[in-house]
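The values are calculated or read from the model by the stated rules, or taken from the named source; none is laboratory data. Predicted model, so just to flag it, every value in this text is computed and none were measured. Heads up, the Cβs are rebuilt from the backbone with ideal geometry, glycines too, and the neighbour counts pull from every protein chain shown. Quick note on the areas: whole protein, heavy atoms, side chains included, nothing else; ligands and nucleic acids left out. Shrake-Rupley method; radii C 1.70, N 1.55, O 1.52, S 1.80 Å.
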Amino acid sequence: MHHLLTGTHPLLRTTRLLVGLAGYGIAIALFVRADLGLSPWDVLSQGFSVRTGIEFGLSVLILSFLIMLLWIPLRQKPGIGTLVNALTVGPVAGFTLTLLPPIESFPVRIALFIAAMVLLALSSALYIGAGLGPGPRDGLMTGVTARTGWKIWKVRGSIEVIVALGGWALGGGLGVGTVIFALGIGPMIQYSLRLLRVRLAGTESNAPERAGRPAGSETAAEPGVHRNPGTEPIVLPEPVA
């Protein structure tokens, strides 16, 4: 299992990418069937659609490209995984929705929502850990983390809250699930990255001297923790004392 999560062979990395993206698409479908509120990014897409009159699906695509413009000052680079993300997550979510009918039971919808949160966090860590390029939204998270050295849960949580409020201001609808997602997905992704031994860039390079080593100097990866081949190294924040 350790080798499957940290191995650098192209086949292993590609497998992690595809499994992660498939899980991500399934998680989105579970959120839809839970029907407890849109995710923050979908609230923004809905609000953008309301303001511009553009169809919702097209607004999602346009916002994805606009988000990637923010990658430029963050020096975040796309990869093949970024393209595969755009081509697979939507179809997987759509196919899953055809298999999973609408749910009437409220307890079951709550269970679906919890499962979706867990699956999305683990899937995000898995495909980011492949080192083949993040999706537009996760790339914004990794880029801000790399440039600031802030803890992942703070970066992701702040982005989700800002996006949700922005979408609501544009006319998107908020639900209880939106609030839970915005506040909870950051810590869950941070834990998932640590669990799957993925390290995000930025903490070491942007922090003051640590253990006598000047900021910006290279450090060896800890045993059992891989730095993503083909991308900037990933370094998780230190655990909270």
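At a glance:
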| quantity | calculated |
| --- | --- |
| Cleavage-rule hits (chymotrypsin sites (Phe, Trp or Tyr not before Pro)) in segment 61-127: DSSP loop, at most 12 neighbouring Cβ within 10 angstrom | none |
| Loop-resident sites, segment 20-77, for trypsin sites (Lys or Arg not before Pro), counting at most 16 other Cβ within 10 Å (DSSP) | 75 |
| Rg/Rh ratio calculated on Cα atoms of segment 28-161 (Kirkwood radius) | 0.97 |
| Relative contact order %, segment 67-206, counting alpha carbon pairs below 8 Å whose residues are six or more apart | 33 |
| Per residue accessible area in Å² of segment 57-190, where ligands, DNA and RNA are left out and the probe is 1.4 Å | 46 |
| Packing rank of 142-150, 117-125, where each peptide gets the mean count of other beta carbons within 10 Å, highest leading | 117-125, 142-150 |
| Per-q log10 I(q)/I(0), segment 62-119, q = 0.18, 0.19, 0.30 Å⁻¹ (Debye; single scatterer per alpha-carbon; no solvent) | -0.83, -0.86, -1.20 |
| Projected-area average for segment 1-52 over all orientations - Cα convex hull basis, square nanometres | 5.5 |
| Whole-percent carbon and sulfur share, accessible surface of segment 54-121, 1.4 Å | 81 |
